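The values are calculated or read from the model by the stated rules, or taken from the named source; none is laboratory data. Keep in mind that what you see is a predicted model, and the values were worked out from it rather than measured. Virtual Cβ from ideal backbone geometry, glycine too; neighbours counted across all protein chains shown.
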Amino acid sequence: MIRKFKIEDLDQVMELWFSINCSAHSFIPKEYWEENFEMVKEMMPKAELYIEEQENRIHGFIGMMEEYIAGLFVSEEMQGTGIGTKLVEHVKQRKESLVLQVYQKNNRATSFYEQQQFVVEGEQVDEATGEAELLMKWTKGRR
């Protein structure tokens with residue numbers, strides 16, 4: 001079931017944010033995520049968050065800032081089950097277009113977004129990590 005974020009979800013959401021960032025971005029030192037943990041925890045409730053929950057357990061979430069997907073996270077054991085697709089579809093129903101940045105080395109994520117009809121619009125370097133990022137966009141009605 002997809003629902004809006006509640007403040008009592010924050011600890012589970014942050015646990016998921018940290019563990020998935022560390023595993024999906026093995027090319028970035030774990031210390032980077034540790035150093036940014038508290039800042040992200042403060043910002044999380046300010047974003048538009050949708051939670052995918054089953055039996056009182058959060059298995060995934062998507063964070064939005066207007067049309068920008070700030071993050072999509074699915075627990076490792078639930079990846080490949082359609083949760084990420086459901087979360088993206090949920091926000092597609094609410095927006096005319098969506099944009100995001102994804103690390104180029106994160107092949108699984110870039111492939112996922114391409115399957116969701118996102119197209120690469122540009123490339124840049126994340127100054128904080130020195131890693132190449134792809135700028136991707138989805139527009140309603142475009143195939």
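Checked against (1) loosely packed, with under 12 Cβ neighbours inside 10 Å; (2) over 25 Å from VAL125 (Cα atoms); (3) of a type in the set (A, V, I, L, M, F, W, C), MET39 passes all but condition (2). Residues satisfying the criterion are absent from the stretch 103-118 (criterion: within 14 Å of the chain's Cα centre (by Cα), modelled with pLDDT of 95 or more, within 14 Å of VAL13 (Cα to Cα) and assigned to a strand (DSSP E or B)). The number of residues in the stretch 84-143 that are closer than 22 Å to PHE27 by Cβ, polar (S, T, N, Q) and either in contact (Cβ under 8 Å) with a residue 40 or more places away in the chain or touching a Lys or Arg at 6+ places or on another chain (Cβ under 7 Å) (or both) comes to 2.
Residue under question is ILE2, and the condition is that it be over 19 Å from GLN101 (Cα atoms) and touching a helix residue (DSSP H, G or I) at 6+ places or on another chain (Cβ under 8 Å); does it hold? Yes; evaluated as a whole, the condition is true for this residue. Only residues that are under 18 Å from ILE7 (Cα atoms) and either in contact with a strand residue (DSSP E or B) (Cβ under 8 Å, 6 or more places away or on another chain) or among the hydrophobic types (A, V, I, L, M, F, W, C) (or both) were counted in the stretch 34-69, giving 20. Residues in the stretch 16-31 that are under 18 Å from GLN104 (Cβ atoms) and either more than 14 Å from the chain's Cα centre (by Cα) or in a loop (DSSP other than H, G, I, E, B) (or both): HIS25, SER26, PHE27, ILE28, PRO29.
Between GLU34, GLU53, the distinction of being in a strand (DSSP E or B), over 21 Å from MET136 (Cα atoms) and either modelled with pLDDT of 95 or more or not hydroxyl-bearing (Ser, Thr, Tyr) (or both) belongs to GLU53 only.
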